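Engineer: First the structure, then my questions, so here it is.
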Amino acid sequence: MRVDEATRYHNRPCLQQSDNPFGAVDFVSDEKGALRLRGWVIDPNTGWPAYAHVYVDGAAVASTLAKLARPDVARRYPAYGPHHGFDITVPMSSGLHVVCVAAINHGPGNNQFLGCAFAYLSPEPFGALDLVQAKPGSTRITGWAADPDKGTGPISVHTYIDGRLHSATRADRYRPDIERAYPHLGPYHGFDATLPSSGGDHEVCVYAFNEGSGHNQRLGCRKVGQPFGNVDVVRDEGGAIRVSGWTIDPDTVDPIKVHVYIDGHATRSLDANRSRSDVERVYPEYGPAHGFNDLIPAVRGEHVVCVFAISHGRGTAEYLGWKKVVVA
Ligand SMILES: [Ca+2]
Ligand SMILES: [Ca+2]
């Protein structure tokens, strides 16, 4: 095909000797169980949109009218107007395929292949671990997982706690956001499971379990069980330092201890068991008994106060916060 580019000064390519359609495929991406193809088609005999056909491994599988706005194409070929783009997602099994796109002729001329290429679609399961949350006696995991080889069908996720396989969970809950991102996979790929677990700090890892070809894939690992909370007050109260705050160990409803360090020295061990209705409102499953509040004598001058929460179970110390205070 010998054509030059039509310009605003002439409305037909001046070297045109062909009536055949032309165009390009300029973007191809693996959509996990589908291949997305974007490109454009022009038939020189019309300014109207032309059709593109997609062939996979020699079989015609999809047809699309190339009518999307492509200002970049219109700048190169102003005689034909702006509406010649296509953007099509074709469901396809994982692995290697030969994909061809043909431009469909209008009027005189013949259909033309825009090109053929190998396309490799990943067979690996994929997804996301959205939340890992320690609770008294259990660990909650939420997220989603799908496998291109299973399509709209659900797969399983396997949860490992501290390196040991703990349980398998079916990822079949309704997740419309996944369908919006991958329409060909549908919405039923979510998981939300509460797994029984002992107290203490744990490392929780969740894997998407492979179907068909491919391998299990890690969705993520999280450390859970560390206490959390806040140091609310550190202030001088007439020659002593008021220290107050709250802390919860997520794997128990029981109060835990906090250790207060002043200028780097372990100074007090407190039970964080005082009633804090404000904390209970935010974390109702743990009850109110999680506050600490004490008055610690100190000499005049500036002091640095550090507070650590002592984890239930393994007894590790989790940093809660620090503040400077001047004792007058
Ligand atoms: Ca034609
Ligand atoms: Ca697979």
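We did not get these values from a lab; they are worked out from the coordinates using the rules stated. Since the structure is predicted, the reported quantities are computational estimates derived from the model, not experimental observations. A quick note on method: Cβ atoms are made from the backbone with ideal geometry, for glycine too, and the neighbour counts reach across all protein chains shown.
Engineer: Considering only 228, 199, 158, whose Cα is most displaced toward the positive end of the charge dipole of the chain, charges sitting on Cβ of Lys, Arg (+1) and Asp, Glu (-1)?
Structural biologist: 228
Engineer: Okay, moving on. Which residue, 87, 72, 19, tops the fluctuation ranking in a GNM of the chain built on C-alpha contacts under 10 Å?
Structural biologist: 72
Engineer: Identify which of 266, 168, 145 has the largest mean-square fluctuation in a Gaussian network model of the chain, with springs joining Cα atoms closer than 10 Å.
Structural biologist: Comparing 266, 168, 145 in the GNM, the peak value goes to 266.
Engineer: Taking a 24 Å limit on the Cα-Cα distance, which of the listed pairs 135/257; 32/67; 135/323; 223/323 fall beyond it? It would help to have the intermediate numbers written out before the result.
Structural biologist: Numbers: 135/257 18 Å; 32/67 26 Å; 135/323 29 Å; 223/323 27 Å.
Where the Cα-Cα span goes over 24 Å, the pairs concerned are 32/67; 135/323; 223/323.
Engineer: Set Lys and Arg Cβ to +1 and Asp and Glu Cβ to -1, take the dipole of region 126-224 about its Cα centre, and tell me which of 141, 187, 126 lies farthest positive.
Structural biologist: Among 141, 187, 126, the one farthest towards the positive end of the dipole of region 126-224 is 141.
Engineer: Tell me whether the chain comes out rounded, prolate or oblate; compute the Cα gyration tensor, take square roots of the eigenvalues as a ≥ b ≥ c, and use a/c under 1.5 as the rounded threshold.
Structural biologist: Working: a/c = 4.62, a/b = 2.50, b/c = 1.85.
Note, shape of the chain comes out prolate.
Engineer: Rounded to the nearest Å, what's the spacing between the alpha carbon centres of region 288-320 and region 56-109? Just the number, please.
Structural biologist: 66
Engineer: Counting only C-alpha contacts under 8 Å and six or more residues apart, can you give the relative contact order of the chain as a whole percent?
Structural biologist: Working: 922 pairs, mean separation 38.4, N = 328.
After rounding, I find 12 percent.
Engineer: Same structure again: Rounded if a/c is under 1.5, else prolate if a/b is larger than b/c, else oblate: which is region 228-327, with a ≥ b ≥ c the root eigenvalues of its Cα gyration tensor? Before the final figure, lay out each step's value.
Structural biologist: Values: a/c = 2.58, a/b = 1.71, b/c = 1.51.
The shape class here is prolate.
Engineer: Once the other residues with Cβ under 13 Å from the Cβ of residue 153 are scored (Lys, Arg +1; Asp, Glu -1), what is the net sum? Before the final figure, lay out the partial values.
Structural biologist: Working: positive: 150, 170; negative: 147, 149, 172, 211.
Surrounding charge for residue 153 is -2.
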